[in-house]
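To start, the structure under review is shown below, and the notes come after it.
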Amino acid sequence: MGILEKISEIEKEIARTQKNKATEYHLGLLKAKLAKYRSQLLEPSKKSGEKGEGFDVLKSGDARVALIGFPSVGKSTLLSTLTKTQSEAASYEFTTLTCIPGVIEYKGANIQLLDLPGIIEGASQGKGRGKQVIAVARTADLVLMMLDATKGDVQKTLLQKELESVGIRLNTKKPNIYFKHKKGGGIAFNAVCPLTKVDEKLVQLILHEYKIFNAEVLFREDCSADDLIDVISDNRIYLSCLYVYNKVDQISLEEVNRIARQPHSIVVSCNMKLNLDYLLETLWEYLSFIRVYTKKPGQPPDFNDCLILRRGVSVEHVCHSIHRTLAQVLKYALVWGTSAKFNPQRVGAHHIVHDEDVIQIVKK
């Protein structure tokens, strides 16, 4: 029996098993087995054959955004509208057959947008170049999931399932579980809060399924068996995701209102160019970008050129982005802006800068 058949068998067994206190150990074991087989499926095959066409593109710009979705939802139209790149768009499915990069220029930032071929059901198992598409999505800073507003939430559910199958977790944070392999001493289990979803016996069963008999496990929050499996696997990617519903000009206002109020969702129409400015604004927020302007002594700030950094960076990070040796010779910095208590404020290397701050570096 191949890996795909084993995965299918386990999925069927999970579906027909009733969820209650008596079956939680059995379900926990099945989930651990499923995660193990899925990670085997992701491993590259050792057979050396002819190399195909390169699929991934060189990472460039300040951030990378992966545009994924089913065929004919408007991905190529969105890429052509937001960037200077022209991606082939037509009324038939699978117009895009390879990865097409474009650059969104917004507020001084260069955001690399990747138009990936349409995903089909079963993509995580390698159907329709699905593995390659999902491998590129794992390298992105943000996932832009393009959905057809006329088809409700069916596409969203299917795509989330495909991405979760390959270890991409959307809009969730990493489980707060400390896990460490040991050379001996058995399994040391502890928790700093009451656990309602797992207990020590289930944790041991899951670890034994992974052939782990010596480890230290500390639950810092009330996590489930799935969260523990994610921590043990250690190959999960946690990404922010924006759900972009296209073709809203073809549905009722009530439906538009319902979709727009869902978390992490935006409604647009690529053909009529509706709401694209709000999409760019939200993209900026989700990427946590800030602009920092530099100033030379005795001269006005250079507002034509800005440093694009992530929210929460310090003066030390600003120095590194200007030149890698600058932080070593930093004496202090003068900061103008919302992060300063008064203008200018003399600060050290650990001062956190805000959006549109002006900074002057003073060397030793």
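General observations
- Considering only region 136-239, percent of DSSP beta bridges that pair antiparallel, nearest 5: 40
- The value of relative contact order for the chain, using C-alpha pairs under 8 Å at least six residues apart, is 13 percent.
- Estimated FRET transfer efficiency (Lys197, Lys6; beta-carbon r; R0 35 Å; 0.05): 0.85
- Glu356-Glu316 pseudo-label distance in nm [points 7 Å out on the Cα-to-Cβ vector]: 2.9
- Alpha-carbon centroids, region 284-301 and region 256-282: separation in whole Å: 28
- Region 176-222, accessible area per residue, ligands and nucleic acids excluded (1.4 Å, Å²): 59
- When the solvent-accessible area of the chain is split by element, carbon and sulfur atoms take up 51 percent of it, the probe being 1.4 Å.
- Average accessible surface for region 290-363: 60 Å² per residue, computed with a 1.4 Å probe over protein heavy atoms with every protein chain in place.
- In the chain, taking the dipole from charged Cβ atoms about the Cα centre, the farthest positive-side position among Leu253, Asn304, Phe342 is held by Phe342.
- Förster radius 25 Å - calculated FRET efficiency between Ile187 and Ile14 (Cβ-Cβ, nearest 0.05): 0.50
- Rounded to 5, percent antiparallel among DSSP beta bridges of region 176-222: 50
- Each label point was placed 7 Å from the Cα along the Cα-to-Cβ direction; for Ser60 and Lys341 their separation is 4.5 nm.
- Correct option for Cα Rg over 2.2 N^0.38 Å [calculated from the coordinates] among (i) 1.17; (ii) 0.97; (iii) 1.10: (i)
- Highest-first packing order for the peptide set 134-146, 250-262 is 134-146, 250-262, based on the mean count of other beta carbon atoms within 10 Å.
- Amide H contacts of Thr172: Leu239, each under 5 Å away and 5 or more positions distant or on a separate chain (H built 1.01 Å from N in the peptide plane; Pro and chain starts excluded).
- Think of each Lys and Arg Cβ as +1 and each Asp and Glu Cβ as -1; about the Cα centre, that makes the dipole of the chain roughly 1180 debye.
- Rounded FRET efficiency, nearest 0.05, which uses the C-beta distance separating Glu285 from Ala349 and R0 of 35 Å: 0.80
- Judged by the mean number of other Cβ atoms found within 10 Å, the most tightly packed of the peptides 174-183, 154-163 leads the ranking 154-163, 174-183.
- Beta bridges from DSSP with both residues in the chain: antiparallel share about 45 percent, rounded to the nearest 5.
The values are calculated or read from the model by the stated rules, or taken from the named source; none is laboratory data. Everything numeric in this text was worked out from a predicted model, so none of it was measured. Ideal geometry is used to build each Cβ from the backbone, glycine not excepted, and the neighbour counts take in all protein chains shown. All accessible areas refer to the heavy atoms of the entire protein, side chains included, with ligands and DNA or RNA removed. Shrake-Rupley method; radii C 1.70, N 1.55, O 1.52, S 1.80 Å.
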